[in-house]
Amino acid sequence: MVRLMSTCSPFLDLDADPTVKGLLQLPAQSNGDTVVLTHGAGANCQSRLLAEMSAALAASGFTVLRFDLPFRQLRPYGPPSFGGAARDRMGIRRAVTLMRATTPGRLFVGGHSYGGRQASMLISEEPQLVDGLLLLSYPLHPPRKPGELRTSHFPKLTRPAFFVHGTRDPFATIAEMKSALEMIPAFHGLLEVDGEGHDLLPRKTAGEWPTRIVTEFQRFLKQIA
């Protein structure tokens with residue numbers, strides 16, 4: 001039996017401003033759709049979560065670009081710079097635009113925590129850029145500060161949005177997430193990852209949850225086809 005494998009290679013576009021730098025994962029057998037993913041505030045595009053999610057998505061036929069936000073290209077460590085979120089959204093827009101120009105099917109954007117939040121904010125203002133959102137561990141509020149909700153753009157989300165959230169995530173309880181998602185007028189879904197925190201990945205079952213997430217994401221997409 002011949003096993004078909006996806007391929008992953010460096011991706012760099014120096015003509016972009018901001019520059020788009022990351023990894024492009026091509027499936028062995030494409031389903032025609034593309035996912036553009038980015039990382040959280042303390043990580044980069046090589047984080048374990050993004051690497052395993054990309055592998056699981058590619059195994060299911062998606063083309064995947066995972067890339068570093070502009071703030072991470074400037075500094076290898078540390079959180080985003082104060083006032084730099086707008087430029088990070090510019091980086092997401094540029095990555096999406098590049099992939100839209102080279103792939104024929106549907107295109108979805110998202111990411112983990114801060115990266116997913118910035119993607120959702122961008123799409124609330126420019127919904128025509130993508131066909132939907134994949135948001136991993138959306139940081140609904142800072143830990144222990146449930147009154148500081150990051151939902152002002154939710155009522156403007158008009159693209160389908162699939163949220164994945166751990167039941168032990170300090171950035172929001174499942175009940176808080178369900179309540180907040182009621183603000184979104186677009187079709188949306190929430191997958192609960194039982195027993196996991198903000199990073200979503202169990203220590204002893206690598207690959208299990210990313211595969212489950214992709215399976216549920218595909219079921220979600222069938223409802224918007």
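The values are calculated or read from the model by the stated rules, or taken from the named source; none is laboratory data. All of these numbers come straight from a predicted model, not from anything done at the bench. Here Cβ is always computed from backbone atoms with ideal geometry, including for glycine, and neighbour counts include all displayed protein chains.
Exactly one residue among ALA55, ALA51 is of a type in the set (A, V, I, L, M), free of Cβ contacts under 8 Å to residues at least 24 places away in the same chain and not in a strand (DSSP E or B), and that residue is ALA51.
When THR38, THR19, THR63 are checked against the criterion of being closer than 15 Å to LEU98 by Cβ and surrounded by fewer than 20 Cβ atoms within 10 Å (Cβ to Cβ), THR19 stands alone in meeting it. Among the residues of the range 58-95, just one is part of a helix (DSSP H, G or I) and of a type in the set (Asp, Glu), namely ASP88. PHE108 versus (1) under 20 Å from ILE213 (Cβ atoms); (2) at pLDDT below 95; (3) surrounded by 21 or more Cβ atoms within 10 Å (Cβ to Cβ): which is the lone unmet condition? Unmet for PHE108, out of (1) under 20 Å from ILE213 (Cβ atoms); (2) at pLDDT below 95; (3) surrounded by 21 or more Cβ atoms within 10 Å (Cβ to Cβ): (2). Total residues in the range 96-134 satisfying the condition of being small (Gly, Ala, Ser) and assigned to a helix (DSSP H, G or I): the figure is 6. Restricting the range 144-182 to residues that are exposed (fewer than 15 other Cβ atoms within 10 Å of the Cβ) and touching a residue at least 24 places away in the same chain (Cβ under 8 Å), the residue that is farthest from GLY116 (Cα to Cα) is ARG144. Could you tell me whether ALA56 is at pLDDT 95 or above and surrounded by 17 or more Cβ atoms within 10 Å (Cβ to Cβ)? For ALA56, the condition - at pLDDT 95 or above and surrounded by 17 or more Cβ atoms within 10 Å (Cβ to Cβ) - is met. Of all the criteria given as (1) in contact with a Pro (Cβ under 9 Å, 6 or more places away or on another chain); (2) part of a helix (DSSP H, G or I), the one not satisfied by PRO143 is (2).
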